[in-house]
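The values are calculated or read from the model by the stated rules, or taken from the named source; none is laboratory data. Quantities reported herein were computed from a predicted structural model and do not represent experimental measurements. All Cβ positions, glycine included, derive from the backbone under ideal geometry; neighbour counts span all protein chains shown.
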Amino acid sequence: MSWTLSTLKTAIGDYLESSETTFTNNLDNFIKESESRILNLVEITDQRKNVQATGSLSNRFLAMPTDFLAPMSLAVVSSSTYDYLDLKHPSFMREYSPTITSTGKPKYYSLYSQESFSLSPVPDAAYTFELHYLHKPASLTIGSDSGTTVLSNDHPDALLYGALTEGAVFLKESEQTIAMFENRFKEAIARMKNISEGRDTRDEYRYDSLRRRVT
């Protein structure tokens, strides 16, 4: 099963038995909040992206991609050689390279703001950087009513129950109802983690069959 924007909205209304105007006007918000929770709880393979960019001489800042969510690695690329930078706290960057006159080939980077990374030492040349990162996939609410996304195709249960939890809170449903949807959401997240962060990170050649802890 997979959801389109139209079928998911219909399902939310059917589950919560509401077609009230204020409720239906907020369906997109319920879906976006569910997407946000999922992407902040689970790392899925389809979130991974690679981009290259050229830094500027004597400029300690490097712009982030607009869909950036979290870093996986940042490297200086030269003649097909990759020199990976270490991720550090901004305070370390200031101590290591206190002035912009302290230039060199960058060894460290930090998340300076929502728009840029900070580099240290300050680049002494226009280096090429390659960023491997987790990106924010497009929301189901952007596009046509018949469109789909990775989450709506591959993880429809998590998307549904996350949206139902938000909708139930909006309607001020009973604590039992909200808890029921939230528990179903958490069960779906656990299944996602088992695949995305468990099976997708090891194979049977090296680890034999995936084993579960017995409790």
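Tabulated results
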| read-out | value |
| --- | --- |
| Y82 exposed (fewer than 13 other Cβ atoms within 10 Å of the Cβ), at pLDDT 90 or above, part of a strand (DSSP E or B) and in the same structural domain as P65 (by TED's automatic domain parsing) | yes |
| Criterion violated by L119 - all others in (1) of a type outside the set (D, E); (2) surrounded by fewer than 16 Cβ atoms within 10 Å (Cβ to Cβ); (3) in contact with a Lys or Arg (Cβ under 6 Å, 6 or more places away or on another chain) satisfied | (2) |
| Tally, over segment 148-190, of residues that are among the charged types (D, E, K, R), touching a Phe, Trp or Tyr at 6+ places or on another chain (Cβ under 9 Å) and free of Cβ contacts under 8 Å to residues at least 40 places away in the same chain | 5 |
| Members of segment 122-147 that are over 22 Å from A53 (Cα atoms), surrounded by fewer than 20 Cβ atoms within 10 Å (Cβ to Cβ) and in contact (Cβ under 8 Å) with a residue 40 or more places away in the chain | S139, T141, G143, S144, D145, S146, G147 |
| Meets criteria (more than 30 Å from A168 (Cα to Cα), within 20 Å of the chain's Cα centre (by Cα) and in contact (Cβ under 8 Å) with a residue 12 or more places away in the chain) for S110 | yes |
| Selected residue (criterion: nearest to Y133 (Cα to Cα)) from residues of segment 53-76 that are of a type in the set (V, I, T) and loosely packed, with under 14 Cβ neighbours inside 10 Å | T66 |
| S102 being over 30 Å from L8 (Cβ atoms) and either at pLDDT 90 or above or over 19 Å from the mean Cα position of the chain (by Cα) (or both) | yes |
| Segment 139-183, subset charged (D, E, K, R) and part of a helix (DSSP H, G or I), residue nearest to E17 (Cα to Cα) | E166 |
| S6 surrounded by fewer than 19 Cβ atoms within 10 Å (Cβ to Cβ) and either more than 26 Å from L119 (Cα to Cα) or touching a Leu at 6+ places or on another chain (Cβ under 9 Å) (or both) | yes |
| Filter result (assigned to a loop (DSSP other than H, G, I, E, B) and in contact with a helix residue (DSSP H, G or I) (Cβ under 8 Å, 6 or more places away or on another chain)) within segment 8-39 | S18, S19, N26 |
| Residue check, T22 of a type in the set (V, I, T) and surrounded by 15 or more Cβ atoms within 10 Å (Cβ to Cβ) | no |
| Number of positions in segment 1-36 that are of a type in the set (S, T, Y) and more than 26 Å from the chain's Cα centre (by Cα) | 7 |
| Condition met for D145 (under 30 Å from D83 (Cα atoms), of a type in the set (D, E) and modelled with pLDDT under 95) | no |
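Residue-by-condition table, conditions (1) closer than 27 Å to I195 by Cα; (2) among the β-branched types (V, I, T); (3) touching a residue at least 60 places away in the same chain (Cβ under 8 Å):
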residue: T45; (1), (2), (3): yes, yes, yes
residue: A53; (1), (2), (3): no, no, yes
residue: N59; (1), (2), (3): no, no, yes
residue: M72; (1), (2), (3): yes, no, yes
residue: A75; (1), (2), (3): no, no, no
residue: T81; (1), (2), (3): no, yes, no
residue: L85; (1), (2), (3): no, no, no
residue: H89; (1), (2), (3): no, no, no
